[in-house]
Amino acid sequence: MAKHKTAIIALGGNAISPKGEQDTIANQFRNTRKSCIAIMNFIQQNYHLAITHGNGPQVGNALLRVEMASDIAPRLPLGICDADTEGGMGYMIEQSLQNSLIKAGIDRDVVTLITQVIVDAKDPSIANPSKYIGGWYTKEEIIPLAKKFNWHVKEVPGKGWRRVVPSPIPKKIINRKAIKHLVDLGIIVIAAGGGGIPVYIMESGLYEGFDAVIDKDRASAVLANDIGAQELFILTDVDQIAINFGKNNQEFIDKIHLRDIKNLLKEGHFPPGSMGPKVQAAINFLENGGESVTITSLQTAQIGLEKGKYTRIIP
C-alpha cells in the first residue's frame, strides 16, 4: 500500500476574515467555503492533512463582547476566548469541508480538536507583553479599564491604545498523539486554531492555562513536527515572499535553501510584524525534520500550485 504524504495547511486570517470586509458569520462562512477550494486540491492529491487557522479578528471580537458586558455577565479569560473561537471557527471549517467532500463524492471524515499547546512559564514574553489584542481606545478610556481588569496596555502611535498580552513560543502539542493517530487514519483534523490554547506545566506536573496568544504559524510548525508531517503549507495574502519588500530592488523568491533563508532573516528582510513569524516557523519545521515549506496565497492554492507562483523552502 502506497505511503501517504502528511501535510499541515495553515490558513491565514484573511482566509476567513479578509481585511475591509464586515466580519459577520455569514461572511465568514462564505469565505470559509472559498478556502475549502484550496484544501480540496490537497485532498484530491491524496494528502493526509491537519488544518490550522488564524483567529485574530474573531478573538478580538470575543474580547470586545466580554468588555462590553463586563458589568452584567461574568468575564471570560483570554484562554477561554481562545478555546471558544477555536471551536466556533473549527465548526465553520469542518462543516464547509464536509459539504465540499460530499459534493466531490469523497469519503473522508473531518474532525475539529480543541488543542492545548505547552509553553514555558518563564518565557520572556510573559514579563514583557507585546501582542496587541482587542479593541481600540483613547488613553482616557483605557486607563480605567487597565486598572479594573489588571491589563497591560500600550499606545500605537497615531492610532490609539490597546491591550497587550504575552505571545510565548509554543513547545509541544498536548494532543499530538491523538492528532497523529487520526491523521494517519486519513481523517482530516482541524487543530491548533489561533495557535491553540497556551498552557504551562506546574511543578506538580499538572497543566494550567493563562492569558496569552500563540503565533499560529509557529504552532503549525510545532504540530507538523509533532505528528511527523513531511510538508507545511502556509497560506497567506501574498503569492511569494520577497527580499527588500516594497523597495525599488524588491525581489521575489521562488525556491530557497534553509541556510539562505536563515541568513536573510538575520539581515532583517522579514519583519516581526508580518512575514518574520512565517519564515521563522518554516525554519523551525525544517530544522526539526520537515522536508519542505511552501508559502503562498490562498488564491494560488485555490487554482493549484502548478498554475501559480509560490515560495518553496527546502533543507
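The values are calculated or read from the model by the stated rules, or taken from the named source; none is laboratory data. This one's a predicted model, so the numbers in the text were calculated from it and none came from an experiment. Here Cβ is always computed from backbone atoms with ideal geometry, including for glycine, and neighbour counts include all displayed protein chains. The protein model used for the area step is the full one, side chains on, heavy atoms only, and it has no ligands, DNA or RNA in it. Shrake-Rupley method; radii C 1.70, N 1.55, O 1.52, S 1.80 Å.
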Assign unit charges at the C-beta atoms only (+1 for Lys and Arg, -1 for Asp and Glu), then state the dipole size of segment 90-186 relative to its Cα centre in Debye, rounded to the nearest 20. 340
Set of lysines with alpha-carbon distance to LYS103 below 21 Å, sequence-local pairs under 8 removed: LYS34
Taking a ≥ b ≥ c as the square roots of the Cα gyration tensor eigenvalues, with a/c under 1.5 meaning rounded and otherwise prolate when a/b beats b/c, else oblate, which class fits segment 223-315? oblate
Using Cα-Cα distances under 8 Å and only pairs 6 or more residues apart, what relative contact order does segment 155-238 have, in percent? 33
Charge dipole of segment 37-131 about the Cα centre (unit charges at C-beta), most positive-ward option of GLY88, LEU113, GLY54: GLY54
Order 196-202, 100-106 from most to least packed using the mean count of other Cβ atoms within 10 Å. 196-202, 100-106
Amide H contacts under 5 Å for GLY134, restricted to residues at least 5 apart in sequence or on another chain and with H modeled in the peptide plane, are GLY60
Remind me, relative contact order of segment 1-154 in percent, using alpha carbon pairs under 8 angstrom and six or more residues apart? 23
Place a label point 7 angstrom from the Cα of ILE80 along the Cα-to-Cβ direction, then list the residues of segment 16-33 whose backbone nitrogen is under 16 Å away. none
Would you mind checking the tilt of helix 25-43 against the longest principal axis of the Cα atoms of the chain, expressed as 0 to 90 degrees and rounded to 10? 30
Multiply the residue gap between ILE72 and HIS181 by 0.36 nm, knock off their C-alpha separation, and tell me the result in nm, one decimal place. 34.9 nm
Dividing the mean separation of Cα pairs under 8 Å (6+ apart) by the residue count of the chain yields a relative contact order in percent of 22
With at most 12 other Cβ atoms within 10 Å, longest stretch of the chain clear of loop GluC sites (Glu not before Pro) (DSSP): 1-202
Cross-link list LYS19/LYS139; LYS266/LYS307; LYS5/LYS278: which exceed 28 angstrom alpha carbon to alpha carbon? LYS266/LYS307
Debye, to nearest 20: dipole size of the chain, +1 on Lys, Arg Cβ, -1 on Asp, Glu Cβ: 320
Given the peptides 33-46, 178-191, arrange them by the average over their residues of other C-beta atoms within 10 Å, most packed first. 178-191, 33-46
Looking only at lysines whose Cα falls under 23 Å of LYS122's and that sit 8 or more positions away or on another chain, we get LYS131, LYS154, LYS171, LYS172, LYS216
Under the Karplus relation with 6.51, -1.76 and 1.60 and θ = phi - 60°, whole-Hz ³J(HN,Hα) for segment 164-171, x at Gly and Pro, equal 10, 9, x, 10, x, 6, x, 10
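Only loop residues by DSSP count here, and only those with at most 16 other Cβ atoms within 10 Å; note down the chymotrypsin sites (Phe, Trp or Tyr not before Pro) in segment 213-315 that meet that.
On the way: sites: PHE233, PHE245, PHE252, PHE285, TYR310; in loops: PHE245, TYR310.
Within segment 213-315, the qualifying chymotrypsin sites (Phe, Trp or Tyr not before Pro) (loop, at most 16 other Cβ atoms within 10 Å) are PHE245.
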Accessible area (Å², per residue) of the chain, counting only protein heavy atoms and a probe of 1.4 Å: 49
